[in-house]
1. Applying the selection to the range 353-371, what residues are basic (Lys, Arg) and crowded, with 19+ Cβ neighbours inside 10 Å?
2. Go through 624, 562, 605 for me and flag whichever is in contact (Cβ under 8 Å) with a residue 24 or more places away in the chain, on the phi > 0 side of the Ramachandran plot and either touching a Pro at 6+ places or on another chain (Cβ under 8 Å) or open to solvent by less than 20 Å² (accessible area, probe 1.4 Å) (or both).
3. Identify the residue in the range 577-616 that is in contact with a Gly (Cβ under 8 Å, 6 or more places away or on another chain) and of a type in the set (Val, Ile, Thr) and, among all such residues, is farthest from residue 296 (Cα to Cα).
4. How about the range 324-351: which of its residues are open to solvent by 60 Å² or more (accessible area, probe 1.4 Å) and either in a loop (DSSP other than H, G, I, E, B) or closer than 18 Å to residue 310 by Cβ (or both)?
5. Quick one: how many residues across the range 285-311 are basic (Lys, Arg), more than 31 Å from the chain's Cα centre (by Cα) and under 23 Å from residue 601 (Cβ atoms)?
6. Working carefully through the options 291, 301, find the one that is among the basic types (Lys, Arg), exposed (fewer than 13 other Cβ atoms within 10 Å of the Cβ) and out of contact with any Ser or Thr (no Cβ under 8 Å at 6 or more places or on another chain).
7. Filter the range 666-715 down to the residues that are more than 29 Å from residue 311 (Cβ to Cβ) and under 35 Å from the mean Cα position of the chain (by Cα), then identify the one that is modelled with the highest pLDDT.
Amino acid sequence: MILVFSLTVSLCGCGEAPLQETAGGEVALLEPVGLTSSGEAAARRNLYDASIYSATVVPYVEEYSFEEDVTLDGLRAFPGEEVARGQVLAASSTEELDRQIKEQRERIEDMEKEFAEYELQMKEDLEKPQEEVKGLRGIVEGLEKRKPAEYLDPPSQSVSGSDSGDSPDGPDEGDQEPDAPGNAGDGTETGPVVNPAYEEWEQEYNHWNGQYHIADHRVNTMLLQLEQRRALYELDHAYALQQLGFLEGKKSDVTIHAQMKGHVVAVAEYGYRERVQGETSIVAVGDLEQKLLKSDYINRKTASSAEELYAVIDGVRYEVDYVPMESEEYTRLTTQGEEVFSTLYLQGDLTNVNVGDYAAIVVVNRKREQALSVPAEAIHKDDTGSYVYVVEGEENVYTSVRTGMSDGVYTEILSGIGEGDVVRLDQGRQYSDKRVTVEMGSFCSNFSGTGYMYYPSSTMVTNPVTHGTVYFQEFQTSMYQHVEKGDVIATVRVAADEIGLQRLLLQVQRQQERVQDLIEQGEENNKKAIESRLKTIAELQEQIAELSKDYQTASIRADQSGIVIWMEDLEAEDILRPDAGLVQIADENTCYAVLEDQGNVLSYGNQVKVTYRNREEEERETTGLVANVNRLAVSRSLQSQVAYILLPSELIGDMSVGTPGWGGWWNITRYDVEARLREMDHVLVVPRSAVREINGRPYVNVVEADGSIVRRSFIAGGYDKSSYWVVEGLTEGMELCLE
């Protein structure tokens, strides 16, 4: 229902329209208090409800860690360095494993030597018994071939007839067996006649056969012992080899290898010989050819319900695939205190996209193209719903409307009024005569900081003296000073252990005397004992040589060239324990300018300008490259508060690593670093003075072709002190009016 009423102007504030009863008893709706004569026609425009998420183009990254707790020996590859698949990236200290492997190999060698000696001795011990068995077997076999008959043949006998006492019916002569033992042929039984030669043979045979069996049993017993010893040795030897393989495999496990070709993009910051917990990422490798986006976290619901989701890089729109994070993973990361980021994959031709580029992720929650809309401030609400005041001549007509989405500046009208209808505004607008134009340009933020030279690869010069008492005298170098391999680092004084040395010398003398005694007692018979004592003498002499060398030590030298980056706090006559660290020397061929990355805005691939002074104190400039990814691309253990800047290798010598300072100490060189970040080329740029915000939404006043001025919201990708850059909503050449 549209109510027509007369215009009433008041300057005492604004409010809803009061009700007034007319003379006829009808209720009329009066004009709201505080309305001005300003208004704006309903028109068609694009409405946006969108959010912007900052993102960075990063490479596909793989993180690597040790499987168990280790003491870090050092990195073998550093940020920005190209590595091949299988290349060693980091190694842990293997001193203890090396010792165990050495001892195990020595045990195996001793086991093999001992069994070989035993086997050889057994074979030697078996030679004579086996020859004896062979000879005895030959005798026994010869006797067996000459074995005589055990019984002699009986003499021939005649038989008497009837005198035998046999009955006429007894057996006749043909039934008798005259040759059978015990039958004499005369009807009487006699014992067998033993061959005397057989008895003599049997006695001799039994003697030699007994000797043969005794000797053969002795040989078989020795062979059985050998076989049992061999079986036991083979079991022990196989187990020892298995243990050696386990130790060697364990040593391999504490070395990290790259699983793909790429560039090192992040390293954990651990000190010399620091303990590293297992399963903690220590180095990351990135594939620069696989480009993806890492952004502030975009939850699954926001992404799935968005009407549009895309990225803008250097003014070019790229479609993206959003990778949702599983709720379990999100919970795990947040529980562990990890920052959570989103991953998006870029689609299309990425030729002009570089690792390190800044990207704006545009999440369009709702969008209405050419929607009939009026300024949001023109819409009011009462018990019946939303309404506006339509200007009709001198009257304001209360008109109910049905609204749709709003971008904070304009609200969509679904019904109630039509295009061109002028709606009243609560407040008048005042515009200046100044005009600006939407232009194509570039947008960036500036970064500056102070850096210093950093050397991630280094070695420790330690006290090499293990015998005697070592007293520190003085250092022969200073911090940040260059040293050459072989240069004297420090001087020391070694107090010899004379008693220990004399004890070793006396042991050598006694062993030599024992050897001489054994030689005199029979060198051939005491051959093994002599060899054992000679081995002991050699070991003692080796110890004496080590002691003598240590006792003669007066200086400790650098084992590599480089820059001194750490020195132990020592005073003259301080006692140094064996392997005590004295000086840390950095590899000057692996160095970076590092600086604090405030806001974590620097990332792999960003170019920076580095200003420095050379050795002649002349100011110079060069370009460096950020060699580590920012926190978006890696887990917490690899997130660094500093950026590693790769410097041109040919300028490292000119970029003095140190300058002479007070008291013989050297000063570390510092650098000024500047960069253009969050850079966006080929985008529409609007002067900040032309932009206002309503409900957090940026808008501008656009001068239309007919000279009218209308507010228009837009999607801003970002802004700095002077301007905004435009994602959507404005076009190049638009004329804007300043309020």
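The values are calculated or read from the model by the stated rules, or taken from the named source; none is laboratory data. Since this is a predicted model, take the numbers as computed values, not measurements. FYI the Cβ positions are ideal-geometry reconstructions off the backbone, even for glycines, and counts take in every protein chain you see. We work out accessible area using only protein heavy atoms, side chains counted, and drop any ligands, DNA or RNA first. Shrake-Rupley method; radii C 1.70, N 1.55, O 1.52, S 1.80 Å.
1. 368
2. 562
3. Among residues in the range 577-616 that are in contact with a Gly (Cβ under 8 Å, 6 or more places away or on another chain) and of a type in the set (Val, Ile, Thr), the one farthest from residue 296 (Cα to Cα) is 585.
4. Selection gives 326, 336, 339, 345, 347, 348, 349, 351.
5. Summing the residues that are basic (Lys, Arg), more than 31 Å from the chain's Cα centre (by Cα) and under 23 Å from residue 601 (Cβ atoms) in the range 285-311 gives 0.
6. Being among the basic types (Lys, Arg), exposed (fewer than 13 other Cβ atoms within 10 Å of the Cβ) and out of contact with any Ser or Thr (no Cβ under 8 Å at 6 or more places or on another chain) holds for just one of 291, 301, which is 301.
7. Within the range 666-715, the match that is modelled with the highest pLDDT is 672.
Residue-wise test of (1) of a type in the set (S, T, N, Q); (2) assigned to a strand (DSSP E or B); (3) open to solvent by 70 Å² or more (accessible area, probe 1.4 Å); (4) at pLDDT 90 or above.
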| site | (1), (2), (3), (4) |
| --- | --- |
| 426 | no, no, no, no |
| 432 | yes, no, no, no |
| 442 | yes, yes, no, no |
| 446 | yes, yes, yes, no |
| 452 | no, yes, yes, no |
| 459 | yes, yes, no, no |
| 471 | no, yes, no, yes |
